[in-house]
1. Going by amide H atoms built from the backbone, whose H comes under 5 Å of the H on L99, apart from near neighbours?
2. Return P(r) of the chain (all Cα-Cα pairs; 20 Å bins starting at 0; whole %; ordered from short to long distances).
3. Please check: in the Gaussian network model of the chain (C-alpha springs, under 10 Å), which one of R132, R205, R40 has the largest mean-square fluctuation.
4. Taking the alpha-carbon centroid of each part, what is the distance from segment 259-288 to segment 124-148 in angstrom?
5. Determine ³J(HN,Hα), in whole Hz, for all residues of segment 229-236 in sequence, where each value follows from phi through the Karplus function 6.51 cos²θ - 1.76 cosθ + 1.60 and θ = phi - 60°; x replaces Gly and Pro.
6. Residues of the chain: accessible area per residue at 1.4 Å, in Å²?
7. Nearest 5 is fine: what % of DSSP beta bridges in the chain come out antiparallel, could you say?
8. Take the solvent-accessible surface of the protein heavy atoms, probe 1.4 Å, and return the percent of it on the chain that carbon and sulfur atoms account for.
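The values are calculated or read from the model by the stated rules, or taken from the named source; none is laboratory data. Note that the structure is predicted; figures quoted are calculated from it, not measured. The protein model used for the area step is the full one, side chains on, heavy atoms only, and it has no ligands, DNA or RNA in it. Shrake-Rupley method; radii C 1.70, N 1.55, O 1.52, S 1.80 Å.
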Amino acid sequence: MNRPDLSTAHVLVVGDVMLDRYWFGEVSRISPEAPVPVARITRREERPGGAANVARNVAAIGGRVDLLAVIGTDEAGEALARLLDADGVQAQLTRDATLNTTVKLRVISRQQQLLRIDFENPPAPEALEAKRADFDARLSAAKVVIFSDYGKGGLAHVDRMIPQARSAGKIVLVDPKGDDFEKYSQATILTPNLGEFRTVAGRWRSEVELADKAQQLRRALKVDALLITRSDEGMTLFQEGEVLHVPALAKEVYDVSGAGDTVIATLGVMLAAGLGLADAVRWANKAAGIVVGKLGTAVVHPDELFA
C-alpha cells in the first residue's frame with residue numbers, strides 16, 4: 001500500500017473521555033492485613049483514554065482532529081486537558097461541576113496488571129446540551145465524525161447526532177457499547193469487537209452463521225458497513241453483498257487495551273483522506289498490529305505505520 005496524503009484529513013471525535021493512570025511498582029511481600037500483594041510504587045504515568053485516546057491517535061498518525069467531550073472541574077480534568085494539548089488535539093471540553101472526570105487507575109508490577117480502580121459518574125444534562133451546541137458549530141469543518149462510546153453517559157444524544165452528521169454529508173464511524181445498537185442507526189460504519197457483537201447478535205457456530213448475523217444486524221440498523229474486530233484473528237468487514245477478512249498482523253501481543261481506539265482512529269483518518277473503505281481497513285489492521293505491542297493506551301506514529 002502506498003503512503004496516503006493526510007494533509008486534508010480532518011476528523012471530529014465525540015464521546016466519553018477519561019484519564020488513564022498507571023502506577024508501576026515492585027512487589028516483594030504479602031500484606032499482613034489481608035492476603036494481597038503490597039506494591040511499592042516507583043513510577044507513575046498518565047495518558048488520555050477513551051475518546052481522548054481516539055483523538056490523540058488521529059493526531060499522531062497525521063490527521064487534524066477536533067474533540068468534543070465533557071470533563072469535571074477537578075484535577076483529573078485539568079491533567080487530561082494538558083495532555084491533549086501536548087498531543088496536538090484541538091479539544092473543546094465542556095466543564096461540569098457535578099462530574100468526576102473518569103479515571104482508570106492501574107497498578108502494574110513486572111509488566112502484569114495487579115489491580116484497576118475506576119472513578120466515574122455520568123455528566124449533567126446541561127453539560128450534554130452545551131456539548132450539542134459545540135457539535136453543531138464544529139460539524140461542518142470535518143470530513144469524518146467518530147463517536148466513541150464507553151458507556152459513561154457522554155453520548156446520550158447520539159441517536160440525534162448521527163442523522164444530523166449524515167444529513168450534512170459526513171462519514172460517521174461508531175465504536176459501540178452495550179446491548180442497544182439501535183441508537184447507532186444510520187451510521188456509516190460500526191466497529192464492534194467480537195464480544196460486543198455477540199451481546200447484540202447472539203452466539204454462532206460457524207463463519208457462515210456469523211456472516212448471516214452480521215449482515216442481518218447491518219441491514220436492521222441501516223448502516224453501510226459493519227467492521228468486526230477479532231483480536232488475534234484480525235478483522236472482518238461486512239458490506240452489502242461483500243465480505244472482506246483481513247488477518248491480524250501483530251507479531252507479539254503485549255496489551256490490547258486501547259486497540260479499538262487505534263483501529264477507529266486510523267480508519268477515520270484514511271477515509272477523511274479519501275481512501276476507499278477496503279484500503280482504510282487494511283491500514284487500520286496494520287495500526288492495530290503495531291499498537292498491541294505497546295503497554296496500555298498508546299498511539300501509532302507515521303514512521304511505524306508507513307514503514
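1. Here T73 satisfy the definition.
2. That works out to 34, 58, 9, 0, in percent per bin.
3. With Cα springs under 10 Å in the chain, the top fluctuation among R132, R205, R40 is at R205.
4. Answer, in whole Å: 22.
5. So the Karplus estimates, Gly and Pro as x, are 7, 10, 6, 6, 9, x, 8, 10 Hz.
6. 45
7. On the way: 30 of 64 bridges.
Beta bridges within the chain, antiparallel portion: roughly 45 percent.
8. Details: 6600 of 13840 Å².
Of all accessible area on the chain, carbon and sulfur atoms account for 48 percent.
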